Amino acid sequence: MIYVLLADGCEEIEALTPVDILRRGGCEVRTVGITGRDVTGSHGIRITADLLPEEATDPVDLLILPGGIPGADHLDASVETDRLIQKTLDENGRLAAICAAPYVLGKRGLLAGKKATCYPSEKFRSRLLNAEILDCPVVTDGNVTTAAGMGAAFAFSVELLSLMAGREVAGKIASAALIEPSR
């Protein structure tokens with residue numbers, strides 16, 4: 001199962017683009033409302049989560065953390081985020097975060113020794129503890145994929161689809177959506 005964590009103040013494009021692209025590619029994706037079933041994004045868009053954290057019981061193949069402030073801060077402060085990250089790691093799943101959200105992984109030491117990217121601000125980069133920070137839209141290193149921000153949401157989503165369903169599927173979806181797949 002692929003879970004996308006939603007929290008009040010999340011960046012809507014970063015939260016919903018992966019859901020859309022991954023579902024188009026045939027992946028099973030569920031949104032998980034960390035701050036409740038009804039979440040309001042950073043631009044006032046209301047989103048109803050598929051599940052509450054306690055309902056996210058399927059094995060986790062991929063856990064996605066969207067950015068946005070204060071969305072990433074709410075994810076960082078939640079014990080449910082910690083529980084789902086640990087569940088993902090215990091089940092040999094993948095982690096993904098975009099924009100501000102890579103700091104959630106970085107603060108927990110999950111980017112140490114890995115190449116990563118995030119929103120290009122010292123505020124967030126300084127929290128990617130012991131990571132090699134790259135200036136590029138999307139980075140996958142081992143079981144972690146990070147992305148720089150809202151403008152990278154499509155490339156991030158296609159990269160995740162490639163990792164979960166294969167390059168051929170991702171290429172077809174990207175082509176149909178007029179998106180250039182990452183190399």
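The values are calculated or read from the model by the stated rules, or taken from the named source; none is laboratory data. Note that the structure is predicted; figures quoted are calculated from it, not measured. We place every Cβ from the backbone using ideal geometry, glycine too, and count neighbours over all the protein chains shown. Each accessible area value is taken on the protein alone, full model and side chains, heavy atoms only, with ligands, DNA and RNA left out. Shrake-Rupley method; radii C 1.70, N 1.55, O 1.52, S 1.80 Å.
Points worth noting:
- Per-region count, the stretch 77-103, residues part of a helix (DSSP H, G or I), without any contact (Cβ under 8 Å) to a residue 60 or more places away in the chain and either farther than 15 Å from Pro53 by Cβ or touching a Phe, Trp or Tyr at 6+ places or on another chain (Cβ under 7 Å) (or both): 4
- Every residue from the stretch 120-142 that is under 24 Å from Val158 (Cα atoms), touching a helix residue (DSSP H, G or I) at 6+ places or on another chain (Cβ under 8 Å), in a loop (DSSP other than H, G, I, E, B) and open to solvent by 20 Å² or more (accessible area, probe 1.4 Å): Ala131, Pro137
- Boolean, His74 is open to solvent by 70 Å² or more (accessible area, probe 1.4 Å), more than 28 Å from Glu168 (Cα to Cα), assigned to a loop (DSSP other than H, G, I, E, B) and not aliphatic (A, V, I, L, M): no
- Of the numbered criteria (1) in contact (Cβ under 8 Å) with a residue 24 or more places away in the chain; (2) under 24 Å from Arg125 (Cβ atoms); (3) open to solvent by 40 Å² or more (accessible area, probe 1.4 Å), the one Asp58 fails is (2).
- Filter pass, Leu110 being open to solvent by 20 Å² or more (accessible area, probe 1.4 Å) and either aromatic (Phe, Trp, Tyr) or closer than 17 Å to Asp61 by Cα (or both): yes
- Scanning the stretch 25-44 for residues that are over 15 Å from the mean Cα position of the chain (by Cα) and farther than 20 Å from Ser157 by Cα gives Thr35, Gly36, Arg37, Asp38, Val39, Thr40, His43, Gly44.
- For the stretch 77-98, filtering for residues that are open to solvent by less than 30 Å² (accessible area, probe 1.4 Å) and either closer than 11 Å to Ile34 by Cα or basic (Lys, Arg) (or both) leaves 3.
- Arg23 within 26 Å of Val169 (Cα to Cα), surrounded by fewer than 24 Cβ atoms within 10 Å (Cβ to Cβ) and without any contact (Cβ under 8 Å) to a residue 12 or more places away in the chain: yes
- Set side by side, the residues Thr48, Thr117 differ, and just one is among the hydroxyl-bearing types (Ser, Thr, Tyr) and open to solvent by less than 20 Å² (accessible area, probe 1.4 Å), which is Thr117.
- Residue within the stretch 104-112 that is over 22 Å from Ile133 (Cβ atoms), in contact with an Asp or Glu (Cβ under 9 Å, 6 or more places away or on another chain) and not in a loop (DSSP other than H, G, I, E, B) present: no
- Selection of the stretch 151-168 for residues being within 25 Å of Val60 (Cβ to Cβ) and either open to solvent by 50 Å² or more (accessible area, probe 1.4 Å) or hydroxyl-bearing (Ser, Thr, Tyr) (or both) yields Phe154, Ser157, Ser162, Leu163, Met164, Arg167, Glu168.
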